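None of the figures in this text is laboratory data; all of them are computed from the coordinates on show. Since the structure is predicted, the reported quantities are computational estimates derived from the model, not experimental observations.
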Amino acid sequence: MSRSRLFSAVVFIAFAQQAFAGAVQTPQCTKDLASVDSSFQETLGNLQRTGRSAAVPSARCAAYKHHIEVMKNASAIFARCTTEPDRTQNISQMDGTIADIKDTLKTEKCQ
């Protein structure tokens, strides 16, 4: 992953954590948003580790694909568990991150 894409992922995670302030206050949303935060940290760690592993392109491809799934899941949770304007901003940011990662998949020639 390029430094700019990794930076984008880090900025997104920081942005998303701030967005929890616009959260729907139900036990399920509280649990789901905490899960999103944990998933973000896990996927960022995977991207950082595999980014340094130039000899294992299949590991990088798997990390990118997993990152997309985490973003899609988070998008669904933000759609359900955040209020406007945070909802629109978060989903837009995740859509942009997903598009960036899909471009990376093409660049990396992932199957």
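Structural remarks
- Amide H partners (placed H, <5 Å) of Thr82, local residues excluded: Val24
- Dividing the convex hull volume of the alpha-carbon atoms in region 41-111 by its residue count gives 75 Å³ per residue.
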